[in-house]
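Since the structure comes first, as structure tokens, the remarks are kept for the end.
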Amino acid sequence: MNKYHLKNLFIKITRDKNNIFFIILLVISTIMLIGSITFNKNFNEYIEENINKNINFRVLSVSNKQDEADLGKEELLSIEHVQDVYSSVYGTFLIDSNFANEDLDGKITPQYLPKSTVIHSLIGSQIGENDTGVAIIPKDFYPDNSVYEYNINAKNIIDGESLIGKEFTITYYTRKFENMKFVNDEKLTKTFTVIGVYDNKEFMNYNNDIFISQIDIDEIAKAKIPKNDNPDIEITQIDDYSFNVVVDSLENVESVTEKILEHNFSNVEPSMEIDEGVINTIKISCLVIAIISIAVIILIVLLYMRKKLIRESNYIGILRASGYTKTNVTIQYLFETIITSIITYIIGCILLILLCVILKNIVFNSFNYIGYNIRIFSTDFIIGFVILILTSSISSLYMIHMKLKSNIINLIESRE
Amino acid sequence: MEEKSKVIQLKNIQKTFHTKNKEVNVLRNLNAEFYEGNLYAVMGHSGNGKSTLIHILGLIDECDEGEYQIYGKNVKNLKDKDASYMRLKNIGFVFQEFNLVPTLKAYENVMVPMLINKEIQAKERKERAIELLSSVGLKERINHFPKELSGGEQQRVAIARSLANNPNIILADEPTGNLDEKSEREIFTLLKKLAEEGKCVIVVSHSSEIKNYADKVYILDKGKLEGENE
Ligand SMILES: Nc1ncnc2c1ncn2[C@@H]1O[C@H](COP(=O)(O)OP(=O)(O)OP(=O)(O)O)[C@@H](O)[C@H]1O
Ligand SMILES: [Mg+2]
């Protein structure tokens, strides 16, 4: 086998119109194969990067103890593996800011960053325990109400990093209960300095979630939730909000839950939970699609080779009569299969990458802001290549082997 | 004829086909010698075993009994690999059906047998294929696909292909069976030319026209080869 022989085979393949349909079928199953491997890998990656590492999966929501002075906060903090305890009222306020312009309404949500939480994506500095008037904003900052609908217009994204060191102002009102309803009372403003940016995907936060210190968030909470001076009416007080208990790692969530229950707290629930059932279904589906694709590749190659070898029986006979050994013929057809598979693979990869780019730009563009992204891994393509070449080679080797059992005269004399 | 060297020696060749309910003794104690530079015609009634003889001579079938030598070398019961090598070096086939690859051009078809011949340099193959096609009068047709050629032209491509590895034995089984008389004469002329160039050419034919070209005419009858006028 040399390059002239290969060239001859290449000519034989590309000029044979019978190959077109075969290559189309093979391309489809190759795309299914590599596609399912790629999707599976992306999915696992997504779970690893964005779910397992996410703090929200180790935050427990716990009802407080109204009869205790500190509502049971110290008791919760004393439990082993509890990293922090804070009121669930934090992070529930949508507040106006001077980021408002003709495209964005300026709405932001202050968030509390639990103690000892590392921001991996942090650029700039962390908020100290006694700091006030400082903020860490998203890298792709989008101070607008529409973030909740994932309706982000890329051209209006504010580059968070460019704001480091700059100041901004928030405006909010204290609230009071008057004539049986809440009304705005006193207008308050507060100025913050941006000291850092972070990737909001890391916390499953929205693009308008900014971290501020506990002192500042407490101040806002106290202003926004009015104190009730009238014992006759019942309205929700800050103290009525449950606690968020941050566990130090995902593995300890279960044991901490049990301990909290032992301490007679009620309504202990994870604030976010992974649905293992759905995850497993997706993973198994990927595996099933991959296996089906392999089976389809084998089937297509077997059927195709069967037809091809019947069609080319007398050609094989002529090859044998002119001195080709069984090995020569086998190698020739093996190379034909490999060349065809490589052509298929190249077309399949181009189409698959195109498909990924299209999906990425059209479908996943908005999902991108919550961390779902398609990535293409070269290893998947190598695995796909190896599977395609191996399955098609073995299938066609089998067919050639069977064909070469018939004698040369029968081969030459056979007609379609 | 005597000074020419002997290419093929057959002694007491026996060939029997066994089918479900009967046995056919096709060749019975067949003896023959074939020399270089001659065109041999093998004639005989249908079913007399002419094709069977060609297959045995061409090492694509085996005889049951007897001796078969090419240039004094025993070639009976060779292993597949050795038989293949013998065919590559010494034997060129021409069949009634042209058996050309429809997706390959004339010269590419002629190149096919050369692709595994290490003695022909890779870059010389195309040149050699074109030379062979020129020698069978198809210089103008080298880039044509089989379907663009007449039957006679296709058979000439097949003859050029049989010459690809420069064998000394050309076995043609009814090469003109599918051709008109004019094409038949062209093919016979061509085969005659090959014999004159020193090859041992054995042609099976039903057409008595071959007698005008043959150096010796054999009749295959009752499993034996007999000279026509003996
Ligand atoms: N593989 C086989 N199995 C059984 N019988 C066979 C086989 N091949 C040939 N025969 C029989 O052997 C006999 C000789 O066949 P062969 O093809 O050699 O004849 P032929 O002289 O070439 O005839 P034709 O002129 O029609 O081509 C025939 O009777 C045929 O039926
Ligand atoms: Mg015959």
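The values are calculated or read from the model by the stated rules, or taken from the named source; none is laboratory data. For clarity, every value in this text was computed on a predicted model and none was experimentally measured. Cβ atoms come from the backbone with ideal geometry, glycine included; neighbour counts cover every protein chain shown. With ligands, DNA and RNA removed, areas are computed over all heavy atoms of the protein, side chains included. Shrake-Rupley method; radii C 1.70, N 1.55, O 1.52, S 1.80 Å.
A few remarks follow.
- Pair list, Cβ < 8 Å and 6+ apart or interchain, from region B:51-75 residues that are free of Cβ contacts under 8 Å to residues at least 12 places away in the same chain and of a type outside the set (D, E, K, R) to residues that are open to solvent by 20 Å² or more (accessible area, probe 1.4 Å) and assigned to a loop (DSSP other than H, G, I, E, B): B:His55/B:Asp61
- Residues that are of a type in the set (D, E, K, R), out of contact with any strand residue (DSSP E or B) (no Cβ under 9 Å at 6 or more places or on another chain) and closer than 27 Å to B:Glu174 by Cα, drawn from region B:87-136: B:Lys89, B:Glu97, B:Lys105, B:Glu108, B:Arg128, B:Glu131
- Residue within region A:342-354 that is at pLDDT below 90, away from chain B (no Cβ under 14 Å) and open to solvent by 20 Å² or more (accessible area, probe 1.4 Å) present: yes
- Within region B:146-163, the set of residues being hydrophobic (A, V, I, L, M, F, W, C) and either at positive phi or within 17 Å of the chain's Cα centre (by Cα) (or both) comprises B:Val157, B:Ala158, B:Ile159, B:Ala160, B:Leu163.
- Qualifying positions in region A:1-22 - closer than 28 Å to B:Asn117 by Cα and open to solvent by 20 Å² or more (accessible area, probe 1.4 Å): A:Met1, A:Asn2, A:Lys3, A:Tyr4, A:Leu6, A:Lys7, A:Phe10, A:Ile11, A:Thr14, A:Arg15
- Index of the failed condition, B:Lys50 passing every other in (1) away from chain A (no Cβ under 14 Å); (2) near ligand 1 (Cβ under 9 Å from one of its atoms): (1)
- The requirement of being over 19 Å from B:Leu191 (Cβ atoms), away from ligand 2 (no atom under 16 Å from the Cβ) and aliphatic (A, V, I, L, M) is not satisfied by B:Leu27.
- When region B:67-85 is filtered for residues that are open to solvent by less than 20 Å² (accessible area, probe 1.4 Å) and either within 10 Å of chain A (Cβ to nearest Cβ) or more than 28 Å from B:Arg28 (Cα to Cα) (or both), the ones remaining, listed by number, are B:Ala83, B:Ser84.
- Under the condition of being more than 13 Å from ligand 2 (Cβ to nearest atom) and within 14 Å of B:Val204 (Cβ to Cβ), the residues counted in region B:32-55 number 5.
- Here B:Lys20 passes the criteria (1) closer than 23 Å to B:Lys199 by Cα; (2) of a type in the set (D, E, K, R); (3) more than 16 Å from ligand 2 (Cβ to nearest atom); (4) part of a loop (DSSP other than H, G, I, E, B) except the one numbered (1).
- Any hit, region B:114-122, residues being at the interface with chain A (Cβ under 8 Å from one of its Cβ atoms), outside any loop (DSSP other than H, G, I, E, B) and surrounded by fewer than 19 Cβ atoms within 10 Å (Cβ to Cβ): yes
- Failed item in (1) within 16 Å of ligand 2 (Cβ to nearest atom); (2) more than 9 Å from chain A (Cβ to nearest Cβ), with B:Asn99 passing the rest: (2)
- Where B:Gly151 falls short, out of the listed (1) more than 14 Å from every other protein chain (Cβ to nearest Cβ); (2) open to solvent by 20 Å² or more (accessible area, probe 1.4 Å); (3) within 16 Å of ligand 1 (Cβ to nearest atom): (3)
- Test: residue in region B:56-66 that is surrounded by fewer than 19 Cβ atoms within 10 Å (Cβ to Cβ), closer than 23 Å to A:Leu319 by Cβ, at the interface with chain A (Cβ under 9 Å from one of its Cβ atoms) and more than 16 Å from ligand 2 (Cβ to nearest atom): no
- Hits in region B:176-230 (condition: open to solvent by 30 Å² or more (accessible area, probe 1.4 Å), within 16 Å of ligand 2 (Cβ to nearest atom) and either among the β-branched types (Val, Ile, Thr) or not in a loop (DSSP other than H, G, I, E, B) (or both)): B:Ile219, B:Asp221
- Odd one out for B:Gly137, checked against (1) part of a loop (DSSP other than H, G, I, E, B); (2) closer than 22 Å to B:Gly58 by Cα; (3) open to solvent by 20 Å² or more (accessible area, probe 1.4 Å): (2)
- Criterion: on the phi > 0 side of the Ramachandran plot, among the polar types (S, T, N, Q) and within 14 Å of chain A (Cβ to nearest Cβ) - qualifying residue of B:Asn109, B:Asn166, B:Asn143: B:Asn166
- So B:Pro175, is it more than 12 Å from chain A (Cβ to nearest Cβ), within 30 Å of B:Ile70 (Cα to Cα) and touching a residue at least 40 places away in the same chain (Cβ under 8 Å): yes
- Filtered by the rule that a residue be away from every other protein chain (no Cβ under 14 Å) and closer than 20 Å to A:Tyr333 by Cα, region A:1-52 gives A:Phe21, A:Phe22, A:Ile23, A:Ile24, A:Leu25, A:Leu26, A:Val27.
- Verdict on A:Asn314 being in the same structural domain as A:Phe22 (by TED's automatic domain parsing), in contact with a Ser or Thr (Cβ under 8 Å, 6 or more places away or on another chain), over 17 Å from A:Gly35 (Cα atoms) and free of Cβ contacts under 8 Å to residues at least 24 places away in the same chain: no
- Members of region B:24-47 found to be surrounded by fewer than 20 Cβ atoms within 10 Å (Cβ to Cβ) and within 13 Å of ligand 1 (Cβ to nearest atom), listed by number: B:Val24, B:Asn25, B:Arg28, B:Gly44, B:His45, B:Ser46, B:Gly47
- Among the residues of region A:171-193, none qualifies, meaning not one is assigned by TED's automatic domain parsing to the domain that holds A:Asn130, acidic (Asp, Glu) and in contact (Cβ under 8 Å) with a residue 60 or more places away in the chain.
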